[in-house]
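Structure record follows, encoded as structure tokens.
Just so it is clear, none of the values below were taken in a lab; they were calculated from the coordinates. Predicted model, so just to flag it, every value in this text is computed and none were measured. Here the Cβ positions follow ideal geometry from the backbone for every residue, glycine too, while neighbour counts run over all protein chains shown.
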Amino acid sequence: MTLYLIISGVIVVALLLALLFSGKRSSQNLEERLEEMAALGQPISLEELELSQPLSERIIKPLFQKLTELAQRMTPQHTMQAMEKKLRVAGLLYKISPAQFFTIKVISIVVGLALGFVLLATSATAGAQTRLLMLGGGLVLGYLLPDLYLSSKTRKRQSEVLKALPDALDLLTICVEAGLGFDAAMSKVAEKWDNELSLAFRRTVQEMQLGKLRREALRDMAESLDVADVTSFVAAIVQADQLGVSMAKVMRIQSDQMRMKRRQRAEEKARQAPVKIMIPLVFFIFPTIFIILLGPAVLQVKDVGF
């Protein structure tokens, strides 16, 4: 019963996140419905149009919008800025605002407390410490679940950037050595792949085309990714641009360094494998082997005796 309630709370929060992230297409669906009704030649009233929308568009989203506005007014500005930075690093800033994330966090806390009260109602014979643990566990679960999701997205994005960076720098170096400018080379890299790094390159090129200085656009890209290798690469490019050093040579050196770092990370993970495999080996594999080998002997000693 307890496990089912916890899973239900997790599903509720996940549905809220999915509802928020899929809300970009509401206007498009509304326009499609209007076109369908106009094509059928049916008269359209405001009430029919409202009732044709799903429940999420009529009730849940307006309520969520009101809660978001309330959270934006009550949350301090520095907290909003810190959350904006976290969302930018996780790659979610263009999908969800800091106020919306705080609203989801409040809803998650309420759901966690509700789960705690439901557990209290289903376990009337529990002691005071157990009751307090249930309420505290529900509160902590609701508070930490959005942050854990955000941390997971950040780690996944940074890992994807680290894997794609050496290949992207190789292509960038080839394009620069072939005679393309740095901005055009970044555009080629953005066209070649469809991952987090290519998206960051594409956004940086667009910012430079809109008039932003190259060094500022590159520094903003490094800040949004928050990866040490990207930060060192951007610092080398900015310094080479300011000092007038050959961009092709700098790109070649950076490409070689990134490949060496990727090889070192692979070797480090290979050395950690024997240590990590000891945990499942000791707690899962060894007991099974002992049961298979010693089980018949134990049964025989139990029946016959020593």
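The table that follows gives values for the structure above.
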item: Inter-probe distance in nm under a simple model that places probes 7 Å from Cα toward Cβ, at residue 271 and residue 199; result: 3.4
item: Computed label-point distance, nm, for sites residue 122 and residue 159 using a 7 Å Cα→Cβ extension; result: 3.2
item: Inter-part distance where the range 125-147 and the range 175-248 are each reduced to a Cα centre, Å; result: 47
item: Over 18 Å between alpha carbons, listed pairs 163/261; 85/153; 85/269; 61/95; 85/156; 66/105; result: 85/269
item: Extension gain, residue 303 back to residue 223 (0.36 nm per residue minus Cα-Cα distance, nm); result: 21.7 nm
item: Peptide ranges 202-215, 92-105 listed from the most packed, as the mean C-beta count within 10 angstrom indicates; result: 92-105, 202-215
item: Sequence ranges 218-229, 280-291, ranked by mean other-Cβ count within 10 angstrom, highest first; result: 218-229, 280-291
item: Over the range 160-262, relative contact order from alpha-carbon pairs under 8 Å, at least 6 apart, %; result: 33
item: Rg(Cα)/(2.2 N^0.38 Å) for the range 160-262, N = residue count; result: 0.95
item: Ranked by how many other beta carbons lie within 10 Å on average, peptides 255-265, 168-178 from highest; result: 168-178, 255-265
